[in-house]
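A.B. asks: One structure coming up, written as structure tokens, with questions to follow.
No lab work stands behind these numbers, since they all come straight from the coordinates. All values reported here derive from a predicted model rather than from experimental measurement. For neighbour counting, all protein chains shown are included, and Cβ atoms are generated from backbone atoms with ideal geometry for every residue, glycine included.
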Amino acid sequence: MRVNVEELPGSRKRIEVELEQEEVSKHFEDKVKRLVMGAQIPGFRKGKVPGHILEKRMGKSLQGEVLEEIVGESYGKACREKDITPVSEPSVDTGSAMPQKDKPYSFSITVDTKPGVSIEDYKGLVLEREKVEVTDEHVSAAIQREREERAEFLPVNDRPVMRDDWVLLDGKSFVDGNAVQDFSDYMVQAGSGRLPKEMDEALVGCPVGQEKELSSTGKGGEQISYKFRVKAIKERRLLIVNDEFARDVGGFQSLEELRADIRKRLESAAEVRVEHDLKRQIGEKLAGMVEVDVPQSFVERQVEHMRQITRAYVTGQETNQDDGELKKLAMAQIKEHLAIEEIARRENITVTEEEVEKAGAEAAAAGLKKDAEDSDGLRWSLRRKKTVDFLLSHAKIEDKGKSLIMTPDEVSLIDRGQKGNS
Amino acid sequence: MDSHNVIKKPLLTEKGSRMSERENKYSFRVAKSANKVEIRKAVEELFKVKVTGVNTLMMRGKKKRVRHRVGKTPDWKKAVVTLGQGDKIDFA
């Protein structure tokens, strides 16, 4: 087998394959031998048909099957021989000639390949580190949230609803006389803005057990009406923040200890965020440094992959990003991927089999998808992580003044995220 | 009789293909009324070969049951033709 590779623009390659006559006839013989095993022709027992009779019988279709085999085998072989990584479905050009048993055969395959990239100066990337600052305010906000979560609700029976009371509601809402929503045991704070405005207002002053109906006109002129009953009124009692509160929350000895723990948690969460941000910067920088002609089919495949991921997380909802935007994103991801791959190759960053197994076991233990069949993906993600860590350790990191944590609101978000993880 | 009416069809069977490989003998389904001379002539004409011997035999039709009736497929004549050295017939 002779293989000749011709470079085409856009990282496309044309692989020309020439097979000797002996190779072609060997393919024919092998194919016939295999077909004989299952062939059933009247006059012969199964598997006893002589090869030449079967060959005659099959005629053109045998050529087709042999062609498929020849192309499949030599394509794989040629790719291995010439170190080509295809990224698209190959398109095969056999001309009009079918292979014949006693003649040499040649054909060509055109395929998009993974473009080779060259990347220099990847050591010493300049990154900006956001400053982490956890203030007393942030800690207090977290404590406040904890208080709200642990608040007691005391039933109120001796007075009607007042603003800021929590109420338990049963009810229905109608648009133009049609029921659209039915709720029961709905707990909500009066005057918090969670309910429609009219309902919020009507709620104040209702005693327990009273039913109310009200109607209003919507923006489109439709008739909206509500029917609800106050089942119970509750007053929220926040706990007093003291040492006892600290004990309740997490078995801390004193309030100081609780505050220190919260601070530590917030700090570590922020650090994770900072590191994440640095890694994101690395990805962006790398993508920007690589100049490469990425084949269109590669980009499209990546776009499709991204769509699939979105679909997996947001079920039943198509991505609303338009194609152009997705393509740009996909392009950046591909560049980053190629750059990291190249750096890993140059720096000899490898992943051992044990590491893959360990990571796979961890993923399985964490209840993630079973990674047994996806060890390639796992290996790549480990290699990528190692490479990024390598780049991070060689990067020039400049501190930036702006603090990452901005508002107590954000703190509570991070805090919540942390808790969810632990 | 026309050669095409003498030779009905070649017989492609395991036994037949073994015989053609080892003994250069080819088998045909032939007209019931055909005799060995006619068969020899027909094969020589149709396949452009030299025939050195013809054997014929009557094949009994098979008994077949259709619902409850017993029927019978027709009897037919088989001919085994030996070719001269170097001659060959390519069926299939």
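A.B. asks: Could you compute the net charge surrounding A:GLY288? Neighbours are other residues with a C-beta less than 10 Å from the C-beta of A:GLY288; K and R count +1, D and E count -1.
C.D. replies: Values: positive: A:LYS285, A:LYS335; negative: A:GLU284, A:GLU291, A:GLU336.
Net local charge, A:GLY288 excluded: -1.
A.B. asks: What residue among A:GLY177, A:ALA151, A:VAL161 has its Cα farthest toward the positive end of the dipole of region A:70-179, where the charges are +1 on Lys, Arg and -1 on Asp, Glu, each on the Cβ?
C.D. replies: Positive-end residue among those listed: A:GLY177.
A.B. asks: A further question on this structure: Any of A:LYS264/A:LYS386; A:LYS33/B:LYS8; A:LYS114/A:LYS385; A:LYS60/A:LYS114; A:LYS46/B:LYS50 with alpha carbons more than 24 Å apart? Name them for me.
C.D. replies: Numbers: A:LYS264/A:LYS386 27 Å; A:LYS33/B:LYS8 31 Å; A:LYS114/A:LYS385 21 Å; A:LYS60/A:LYS114 36 Å; A:LYS46/B:LYS50 33 Å.
Over 24 Å Cα-Cα: A:LYS264/A:LYS386; A:LYS33/B:LYS8; A:LYS60/A:LYS114; A:LYS46/B:LYS50.
A.B. asks: Now for a different question. Once the dipole of chain B is set up with Lys and Arg at +1 and Asp and Glu at -1 on Cβ about the Cα centre, which of B:THR73, B:SER20, B:ALA42 lies farthest towards its positive end?
C.D. replies: The Cα lying farthest towards the positive end belongs to B:THR73.
A.B. asks: So, one more: What percentage of all Cα-Cα pairs in region B:3-83 are separated by more than 20 Å? Mind showing how you got there, number by number?
C.D. replies: Values: 1151 of 3240 pairs.
Taking all Cα-Cα pairs of region B:3-83, the fraction more than 20 Å apart is 36 percent.
A.B. asks: While we're here: With the radius of gyration and the Kirkwood radius both derived from the Cα set of region A:6-103, what is their ratio Rg to Rh? Before the final figure, lay out the partial values.
C.D. replies: On the way: Rg = 16.6 Å, Rh = 15.3 Å.
Checking Rg against Rh, the ratio lands at 1.08.
A.B. asks: Kindly provide the GluC sites (Glu not before Pro) of region A:60-159 that DSSP labels as loop, not H, G, I, E or B, and whose Cβ sees at most 14 other Cβ atoms within 10 Å.
C.D. replies: On the way: sites: A:GLU65, A:GLU68, A:GLU69, A:GLU73, A:GLU81, A:GLU120, A:GLU128, A:GLU130, A:GLU133, A:GLU137, A:GLU146, A:GLU148, A:GLU149, A:GLU152; in loops: A:GLU120, A:GLU133.
Of the GluC sites (Glu not before Pro), the ones in loops of region A:60-159 whose Cβ has at most 14 other Cβ atoms within 10 Å are A:GLU120, A:GLU133.
A.B. asks: Residues with beta-carbon under 14 Å from that of A:ASP102, excluding A:ASP102: net charge, scoring Lys, Arg +1 and Asp, Glu -1? Intermediate values should be presented prior to the final figure.
C.D. replies: Numbers: positive: A:LYS26, A:LYS101, A:LYS103; negative: A:GLU20, A:GLU22, A:GLU23, A:GLU29, A:GLU55.
It works out to a net charge of -2.
A.B. asks: Follow-up. Taking the Cα centre of chain A as the origin and placing charges on Cβ (Lys, Arg +1; Asp, Glu -1), which of A:SER215, A:VAL303, A:CYS79 is farthest toward the positive end of the dipole?
C.D. replies: So the residue furthest toward the plus end is A:CYS79.
A.B. asks: For the protein assembly as shown, with only Lys/Arg (+1) and Asp/Glu (-1) charged at the beta-carbon, what is the dipole magnitude about the Cα centre, in debye rounded to 20?
C.D. replies: Working: 93 positive and 93 negative charges, 1263 e Å.
Around 6060 debye, computed over the protein assembly as shown.
A.B. asks: If you don't mind, another one. Given Cα pairs under 8 Å that are at least 6 residues apart, what percent is the relative contact order of chain A? All intermediate terms of the calculation are to be shown ahead of the outcome.
C.D. replies: Numbers: 597 pairs, mean separation 80.0, N = 422.
The value is 19 percent.
A.B. asks: Which of A:VAL49, A:VAL71, A:VAL241 moves the most in a Gaussian network model of chain A with Cα springs under 10 Å?
C.D. replies: Per the Cα network of chain A with a 10 Å cutoff, A:VAL49 tops the list.
A.B. asks: Would you list the membrane-span-like helices of chain A, meaning whole DSSP H runs whose alpha-carbon atoms span at least 15 Å along their axis and whose mean Kyte-Doolittle value is at least -1.0? Write out the running numbers ahead of the final one.
C.D. replies: Working: long enough: A:21-38 (27 Å, -0.94); A:60-82 (32 Å, -0.72); A:136-150 (21 Å, -1.75); A:255-289 (51 Å, -0.71); A:296-313 (26 Å, -0.98); A:323-346 (34 Å, -0.47); A:353-365 (18 Å, -0.66); A:375-393 (27 Å, -0.55); A:408-421 (20 Å, -1.19).
Helices passing the filter in chain A: A:21-38, A:60-82, A:255-289, A:296-313, A:323-346, A:353-365, A:375-393.
A.B. asks: Connecting C-alpha atoms closer than 10 Å in a GNM of chain A, tell me which of A:ASP389, A:ASP165, A:ASP243 has the biggest fluctuation.
C.D. replies: Comparing A:ASP389, A:ASP165, A:ASP243 in a Gaussian network model of chain A, the most mobile one is A:ASP165.
A.B. asks: Net charge near A:PRO90: determine it from the other residues with C-beta under 11 Å of the C-beta of A:PRO90, scoring Lys and Arg +1 and Asp and Glu -1.
C.D. replies: Working: positive: A:ARG12, A:LYS13, A:ARG14; negative: A:GLU89, A:ASP93, A:ASP112.
Local charge sum for A:PRO90: 0.
A.B. asks: Sticking with this structure for a sec: In whole Å, what three semi-axes, largest first, describe the equivalent ellipsoid of chain A built from its Cα gyration tensor (square root of 5 times each eigenvalue)?
C.D. replies: Ellipsoid semi-axes (Å, largest first): 65, 34, 22.
A.B. asks: What FRET efficiency do you get for A:GLN21 and B:GLU23 if R0 is 22 Å and r is their Cβ-Cβ distance, rounded to the nearest 0.05? Don't jump to the answer; show the numbers that get you there.
C.D. replies: On the way: r = 32 Å, r/R0 = 1.47.
For A:GLN21 and B:GLU23, the calculated efficiency is 0.10.
A.B. asks: Could you rank the peptides A:244-252, A:294-302 by their average count of other C-beta atoms within 10 Å per residue, with the highest value first? Mind showing how you got there, number by number?
C.D. replies: Working: A:244-252: 15.1, A:294-302: 18.8.
Averaged packing, sorted descending, gives the order A:294-302, A:244-252.
A.B. asks: In deg cm²/dmol and to the nearest 500, what is the mean residue ellipticity at 222 nm of chain A if only DSSP H runs of at least 4 residues count, each as -39500 (n - 2.57), divided by the residue total?
C.D. replies: Result for chain A: -16000 deg cm²/dmol, rounded to the nearest 500.
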